[in-house]
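The values are calculated or read from the model by the stated rules, or taken from the named source; none is laboratory data. Note that the structure is predicted; figures quoted are calculated from it, not measured. So basically every Cβ, Gly included, is an ideal-geometry build from the backbone, and we count neighbours across all protein chains shown.
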Amino acid sequence: MTDFMDEYRRRAAETGAGCGPQCPGNRIPLTPYETARIASGLGITTGELLHRYMAVGSAILNVKEDGTCVFHSEDEGCEVHQDRPLSCRSFLEPADTPGRFVERARQYREVLRAWRRASLARDAGETGGTGSPHPAPELGSWILDVDSLVAERCAERGMPIPPDLEARIDIHLAALRSALE
Ligand code: SF4
């Protein structure tokens, strides 16, 4: 384990990109926040990110033919270093994990739990209890396409889409929460 971590840190220091031997063969899950961060950093929409870098219905980043993460570059390390997901950050530098990533992950987890509770209540309703009409979304579904839902929500309300990513995430979370009301 020590050898592995030494090698990891050596590679991370060499590339300056915090990406090392954990990347080959690793399966990295994304939250909606991370999807939006990476897409924004690449200058593409979340829909394009899902289409290009993730399998349909999956919340996991694709790997290349050699088994390395789709964003792993042998020469440069992580190609999305500034916006790399929480799991990549916390592996090497747990004490340096940005609070914003943790907070957004917590917020989305709460929303997903609420959807699941509503879904269970709906199922109970089908058998005679008090139900909710809301199906529980899977993480690898439309819930990761942040830009589409934000655009829909802004159009409904006659609002411009904010250029600030954190403001768009607030709108995304509000849209998910309001669907439960
Ligand atoms: S996103 Fe970057 S740091 Fe994370 S596994 Fe892929 S290449 Fe490595």
May I ask you to verify whether residue 153 is out of contact with any Leu (no Cβ under 9 Å at 6 or more places or on another chain), outside any loop (DSSP other than H, G, I, E, B) and either loosely packed, with under 13 Cβ neighbours inside 10 Å or modelled with pLDDT of 75 or more (or both)?
yes
Is there a residue in the stretch 83-92 that is surrounded by 14 or more Cβ atoms within 10 Å (Cβ to Cβ) and in a loop (DSSP other than H, G, I, E, B)?
yes
Within the stretch 112-150, how many residues turn out to be under 14 Å from the mean Cα position of the chain (by Cα) and modelled with pLDDT of 70 or more?
8
